[in-house]
Amino acid sequence: MKEAAYFSLIDEESKKVQCFLCPHKCIIEDGNLGNCRVRKNIEGKLYALAYNRYVSAGMDPMEKKPLYHFFPGHKILSLGNVGCNLHCRFCQNWGISQREAGEGCLREITTEETIRLAKSCGSIGIAYTYNEPLINYEYLLETAIEAQKCGLKNVLITNGYINEAPLVNLLPYIDAANIDVKSFRNDFYREYCKGTLSDVLRTAEIMYRHNKHIEFTNLLIPGLNDREEVIEDLIDWVYSLSPDIPLHFTRYFPCYKMTQEATPWPVLQRAREIALKKLNYVYLGNVMEEESSSTFCPGCEVVLIERKGYDVKLINLEEGHCSRCGEKINIVI
């Protein structure tokens with residue numbers, strides 16, 4: 001355990017504390033856990049229970065994150081923990097995200113060991129992923145600082161549910177992020193995720209203003225967040241930041257507490273078709289169709305990156321530009 005950042009004692013007699021890491025701003029009684037299940041009040045101090053712990057680790061293709069415009073074709077050491085500060089009824093990783101720090105086998109890994117592992121594997125950096133990495137803030141911040149000193153990249157795969165102060169404190173050490181925007185309707189967030197849309201959008205906007213490489217993912221669930229007007233509102237918001245930000249529509253499959261049918265292929269196709277009217281890079285995930293995974297030049301439409309599964313080939317890219325027409329491409333290679 002490690003004493004947590006961003007909390008205060010609000011009642012000395014009862015030893016009640018309030019956490020300020022994420023928008024829940026949990027008020028936590030002595031002996032209890034916060035909403036995320038990994039931050040605990042012990043005698044008036046808040047502790048990060050998952051500090052220096054992990055439940056899953058592996059070398060993943062960058063495209064699996066998914067990040068298609070950040071070192072495409074490279075692999076990155078990916079670490080996951082337990083817990084989450086959202087409680088999505090459709091969570092694809094609920095086996096770890098909806099667990100407490102005391103449930104199951106958590107293995108120890110220090111910051112120094114993580115960096116040594118990344119280097120020994122030939123990784124370009126560390127991806128904090130699988131569950132929500134921001135709730136393990138203390139370990140994340142410490143590791144990101146040391147990784148940056150060693151020339152490693154730090155990547156967040158996140159729901160974006162964090163308050164502004166801790167986010168801004170972390171961002172100097174973060175290189176890229178994929179932010180999961182569950183829906184562009186707040187009532188969806190309240191009912192199905194137990195969170196709020198506006199806080200996620202604020203996180204994305206702050207990251208963009210700090211010149212971080214960002215990509216967005218939207219899981220399309222039949223009958224819940226796949227109406228065209230909802231998709232169009234999401235697209236308009238992404239466009240308002242930049243038409244060059246990659247947007248990934250991914251196919252939903254029944255999981256956890258949700259039993260709706262898998263997303264029909266025409267729904268995904270239609271979402272991509274609508275998005276490409278305004279955005280330059282739109283991809284489909286959890287599908288076998290390969291063309292929707294390749295990157296095309298928005299200027300001359302030549303293939304820039306050909307993707308067949310996780311087999312990635314850079315074809316017509318030269319120093320961040322299309323080698324055929326000279327169009328500048330939003331990509332880090």
All conditions in (1) more than 22 Å from the chain's Cα centre (by Cα); (2) in a loop (DSSP other than H, G, I, E, B); (3) of a type outside the set (A, V, I, L, M); (4) surrounded by 15 or more Cβ atoms within 10 Å (Cβ to Cβ) are true of C325 except (4)
Report, by residue number, each residue of segment 1-39 that is touching a residue at least 24 places away in the same chain (Cβ under 8 Å), surrounded by fewer than 22 Cβ atoms within 10 Å (Cβ to Cβ), not hydrophobic (A, V, I, L, M, F, W, C) and not in a loop (DSSP other than H, G, I, E, B). K2, E3, K16
Output the qualifying pairs, or none if there are none: Cβ atoms under 6 angstrom, residues six or more apart or on different chains, first residue in segment 42-65 and in contact (Cβ under 8 Å) with a residue 40 or more places away in the chain and farther than 11 Å from A101 by Cβ, second residue outside any strand (DSSP E or B) and β-branched (V, I, T). N52/T110; Y54/I109
Spans of strands (runs of 3 or more DSSP E) in segment 173-267 with at least 1 residues acidic (D, E): 176-180, 213-220
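Sort through Y283, Y310 and tell me the only one that's touching a His at 6+ places or on another chain (Cβ under 6 Å), in contact (Cβ under 8 Å) with a residue 40 or more places away in the chain and under 26 Å from L156 (Cβ atoms). Explain how you work it out, then say what you get.
Values: Y310 fails: touching a His at 6+ places or on another chain (Cβ under 6 Å).
So the residue among Y283, Y310 that is touching a His at 6+ places or on another chain (Cβ under 6 Å), in contact (Cβ under 8 Å) with a residue 40 or more places away in the chain and under 26 Å from L156 (Cβ atoms) is Y283.
Scan segment 277-297 and give yes if some residue there is of a type outside the set (S, T, Y), over 28 Å from S183 (Cβ atoms) and surrounded by 15 or more Cβ atoms within 10 Å (Cβ to Cβ), otherwise no. Walk me through it before giving the result.
Looking only at segment 277-297, we keep the residues that are of a type outside the set (S, T, Y), and these are 277-280, 282, 284-291, 296-297.
Subsequent filtering for residues that are over 28 Å from S183 (Cβ atoms) retains 297.
Next, only the ones that are surrounded by 15 or more Cβ atoms within 10 Å (Cβ to Cβ) stay: 297.
The answer is yes; a qualifying residue exists.
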Name the strands (runs of 3 or more DSSP E) wholly within segment 41-140 that hold at least 1 residues that are within 14 Å of the chain's Cα centre (by Cα)? 75-80, 125-128
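Computed from the coordinates by the stated procedures, all read-outs in this text should not be read as laboratory data. Worth saying up front: this structure is predicted, and the values here are computed from it rather than measured. Methodologically, a virtual Cβ is constructed for each residue, glycine included, from the backbone with ideal geometry; neighbour enumeration extends over all protein chains shown.
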